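This report concerns only the one structure given below.
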Amino acid sequence: MNSEKETFQSKNYISKSLFYRFSQFVGFLLGARFFVAALLTFALYVSTFFLFNQDESFRNFVFDFKVHGIIFCTVLTILAGGIINQFYDLEKDHIVKPFRTRIQSFIKQKYFLYAYLGLSAISLGVAWLISHNVFIFFLVYQFFMWLYSHKLSRILILNNLTFVSLTLYPFFGMMVYYETFSKKVFLMAVFLFLILLCIDIVKDTLTRSVDKAFGYTTIPNYFKTKNTKIILISLMVVTIAVSMKIITKTGVSGFMSYYFTGGLFVMIFCIYLFLNPIRRSNSFTLNLLRFWVFAGIIAMLLNGIESKF
């Protein structure tokens, strides 16, 4: 009888131990923004090969270890940035993201900091092996990742501009690496910058009261709701103008032309939602804009496959 009881307790302990380890693993992935890093990695590979890399064959691209090294350093830096950001935003996340915070609580904060230092060091070490210029590029990237989390995320307007700039920073690096400077690339970058800026401001409208309570001065909690809507609508009107410029002046074709044409209707619909707010319209707008960014990555992939293969 005692033997059966001990066996049951042993199995129960193992089951709890496995669940705890799994929870720690999931908590680390969420704390490091792993899924955001995975999406950015996919976007980097797609944009690098199909947009910035104009002449190199697929075979040469596959064996271009310098490019893979740069993207590897980018992924580690993004993971490290996610960790340091959640470290500074921990109190706020307890309210805004209670489920994620609960999962992350399975790991002590000191281990997140160890992971941050380790990922940052590995990234800089690999960057140094690639070249001194790449090392400086990632040193600057990591510094501003930390500065954004520590200070800039609480400063009006700078928080939004810095967040979007840091998101696009690796793509700018790839553009410089391949020396791909053109009107089309520039306008696409402006289009993406504007959409990401809208996403960040809309996201701030959903956490307005919490941001204010924890000292984050954002556009929605500094300006009135009406003025925030005016700012967002103005940005979307400019985004529509940029889309029309891309369609008419850069010669985009195939899936990308469909994407930017569809983008006109997406922006118009978002403007309609701001002018005629319905229940949870901001949340719907946020998810729609996020989906449209992802749709752009897929459109670029399909357009590249169609043109190159």
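The values are calculated or read from the model by the stated rules, or taken from the named source; none is laboratory data. Note that the structure is a prediction, hence the values are computed from the model and not measured. In this analysis, Cβ positions are derived from the backbone assuming ideal geometry, glycine residues included, and neighbour counts consider all displayed protein chains. Remember, those area values only see protein heavy atoms, side chains included, never the ligands or the DNA or RNA. Shrake-Rupley method; radii C 1.70, N 1.55, O 1.52, S 1.80 Å.
Per residue, segment 159-239 exposes 46 Å² of solvent-accessible protein surface, assessed with a 1.4 angstrom probe and all protein chains in place. Accessible surface for residue 292 stands near 40 Å², nearest 10, in the context of the full protein assembly shown (1.4 Å probe).
Within the accessible area of segment 71-211, what % is carbon and sulfur when the probe is 1.4 Å and the other protein chains stay in place? The C+S portion of the solvent-accessible surface of segment 71-211 is 72 percent. Once neighbouring chains are kept in place and the probe is 1.4 Å, which whole percent of the accessible area of segment 217-309 is contributed by carbon and sulfur? Here it works out to 67 percent. Rounded to the nearest whole Hz, the Karplus-based 3J(HN,Hα) values (6.51 cos²θ - 1.76 cosθ + 1.60, θ = phi - 60°) of segment 69-78 follow the sequence x, 5, 5, 4, 4, 4, 4, 4, 5, 5, with x at glycine and proline.
As a rough guide to protection, the peptides 185-195, 72-82, 246-256 ranked by mean Cβ packing within 10 Å, highest first, stand as 72-82, 185-195, 246-256.
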